[in-house]
Every structure is written in C-alpha cells, then in structure tokens.
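The values are calculated or read from the model by the stated rules, or taken from the named source; none is laboratory data. Worth saying up front: this structure is predicted, and the values here are computed from it rather than measured. Note that each Cβ is placed from the backbone with ideal geometry, even for glycine, and that neighbours are counted across all protein chains shown. Quick note on the areas: whole protein, heavy atoms, side chains included, nothing else; ligands and nucleic acids left out. Shrake-Rupley method; radii C 1.70, N 1.55, O 1.52, S 1.80 Å.
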Amino acid sequence: MRKAFARTLLELAAKDDRILLLTADLGFMVWEDFVEKYPKRFFNVGVAEQNMIALATGLAESGFFPFTYSIATFATLRPYEFIRNGPIHHRLPVRVVGVGQGHEYGNAGPTHHGLEDVGVMRVQPGITIIAPADAEQVCTAVNATYDMPGPIYYRLGKNDSIAVPGLNGRFTLARAEVLREGDALLWVTMGSVTVEVAKAADLLARNGIPSTVLVVTSLNPGPEAELADFAKRFPLVITVEAHYTVGGLGSLVSEVVAENGIGCRVIRRGISSMLSGVSGDQNYYDSLFGLTAQSLVELANQEL
C-alpha cells in the first residue's frame, strides 16, 4: 500500500501546493519521485520523530498539509505526546502516516511490529483514523480525506500486491463496506488481513455456511450505528485484525454491542499475547495467531 500511497500523494501534490512530506530517515525506494519533483516540499528530519511532529505542527499552523511518514510504531509511539499536545489539541491538519500492519516487518522484531497503534490513537477523540484494506482503497481514502480539518492517522500496509476481491476501492468516512453477504455469522475486519477474511468467507460458503463480511476502514469516526444494525442480525460476530485484540477493532465492536444491549457473542481474533525470544516472517506470525484463511474457517466452525 505504501507505493500506492506515494503515487496518490504525488498526484495530489501536483494540484495542491499545501502538501508537504516529512520523513524520519525512511522511505527509500518509495519517495524518490516526490523528492525529485518537489525537493523544496520534502524534509528528512533524521531519526527524530518527535521533532518531525513538532515541525509538522508548525507547518500545519502556517496553512500547509504536512504528511509525516515512518514505520507505524515509530510514527505513533515515539512522538505520541507531541501528536496529542500539538495537532490534536490544536486541531491542526497534520497527517501521521504509519506503515506496517501487525507483523508485516516480521524478522525486524517487536520494535517494528504495529500491534497497538490503532489502540493508542483511538483514545484520542480529536484524530481521524483510517486503515485501508488494500492499495486501491488507499487511493480512494486519501483522495477523500487529505484536506480535512484536524489531524489524521493513516495506517498503511507494506504490500501493494494485495487486492481484496469485491472491495473495488470503496471508501466513505465513518461507514463500513459490505464485502460478502450471508446469514450464518458476521465477520468484521480492518486492514490488509481483510483478504484472508474474504477467503475464509468464500471457503465457508462452499460448505453451506454463508457469512457477511464487513470492512471497517474508518475507525475514528467509526461506523457505530452501522455496526449495531449489523450485529443485531447475527448470533455470532467475529472480529479480525492484525493488531492486539485490546484497543483496536475488536474493542470497538465490543463497545458497540455492549452499549446497545445487543444479544450476540463477539469473538476477537488478533494478536493475543506478546512474544519474547521468537522471531519469524509475517506468514509465521499470522499462522501462529490464527490470521490465515484456514485458521479463520476453523474458528468459525468451532464457534457456530
């Protein structure tokens, strides 16, 4: 998704000279075209994420749309207080861009794993959170939101080859997108793991278990009313995310179900524990935490 994001930002920058790009010594093989075309609108601040947000806050106050780019953990956790006290509290249009959903940085280790970024951002009511499911939806979402007032967190995946069948780039702020329809259970998912959920739903349908797949890309504002309407129709809701099960999509759905007194079960599938002394690539971690299509099929059969 990051290259799709880079292409989209380059196209927008040609039309809007308020767009600036800041990076904390990252983005090689991604931002060369932007740097070549707009060298005076690009700032590499070095390994200094707090300073990057502080600089972006001042630029936003001066009328620009600064996009700050880094790996998800570095984009959100290192400068968290600066994001809170700067663009959030002052309602400024800083765009925080975090790359690496879940274990996409695999062998780089836990410092690079994006497992809590949505959770820490969700507790701040003053920031919009957008987590696209594939490259095409990245383009739609960024085009629709880049010039909104107030700060935005874009959570991007690394893989540009992922395409979610049937999504076709659809995005509306504060709405969910229906990917499949069936009456056996409801899947609610976000981000690039959506492609595995779609595969699981197709496998279940072939075995006579039709299910509905709901893709949540806008988490703050979230589609609370829509989630409540869908949850009322199903005895079982399974949330799937490449994120800790606490604080992210599973928590959002659980809050909606509890606050509306909906009588369904919610099963949260995501990263359930912190690993120590174990390393592997993304496929290894996804298999370990049950984020593959086959694991999701087994979960659905077990819970129905």
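State yes or no: is residue 220 in contact with a Ser or Thr (Cβ under 7 Å, 6 or more places away or on another chain) and open to solvent by 10 Å² or more (accessible area, probe 1.4 Å)? Considered against the rule, which asks whether it is in contact with a Ser or Thr (Cβ under 7 Å, 6 or more places away or on another chain) and open to solvent by 10 Å² or more (accessible area, probe 1.4 Å), residue 220 comes out as yes.
One line per residue, one yes/no per condition, for (1) without any contact (Cβ under 8 Å) to a residue 40 or more places away in the chain; (2) assigned to a loop (DSSP other than H, G, I, E, B):
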| position | (1), (2) |
| --- | --- |
| 11 | yes, no |
| 20 | no, no |
| 26 | no, yes |
| 43 | yes, no |
| 53 | no, no |
| 56 | yes, no |
| 59 | yes, no |
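Checked against the criterion of being out of contact with any Pro (no Cβ under 6 Å at 6 or more places or on another chain), touching a residue at least 24 places away in the same chain (Cβ under 8 Å) and within 30 Å of residue 105 (Cβ to Cβ), the candidates 236, 304, 275, 204 yield just one match: 275. Within the range 247-254, is there a residue that is open to solvent by 10 Å² or more (accessible area, probe 1.4 Å), under 14 Å from the mean Cα position of the chain (by Cα) and within 20 Å of residue 129 (Cα to Cα)? Yes, the range 247-254 contains a residue that is open to solvent by 10 Å² or more (accessible area, probe 1.4 Å), under 14 Å from the mean Cα position of the chain (by Cα) and within 20 Å of residue 129 (Cα to Cα).
The set of residues from the range 17-32 being farther than 20 Å from residue 64 by Cβ and at pLDDT 90 or above comprises just one member, 32. When 77, 9 are checked against the criterion of being open to solvent by less than 10 Å² (accessible area, probe 1.4 Å) and aliphatic (A, V, I, L, M), a single residue qualifies: 9.
Among residues of the range 258-273 being over 20 Å from the mean Cα position of the chain (by Cα) and open to solvent by 90 Å² or more (accessible area, probe 1.4 Å), the one that is nearest to residue 288 (Cα to Cα) is 265.
Restricted to the range 120-152, and to residues that are crowded, with 16+ Cβ neighbours inside 10 Å and part of a loop (DSSP other than H, G, I, E, B), which residue is nearest to the chain's Cα centre (by Cα)? Ranking the candidates gives 131 first.
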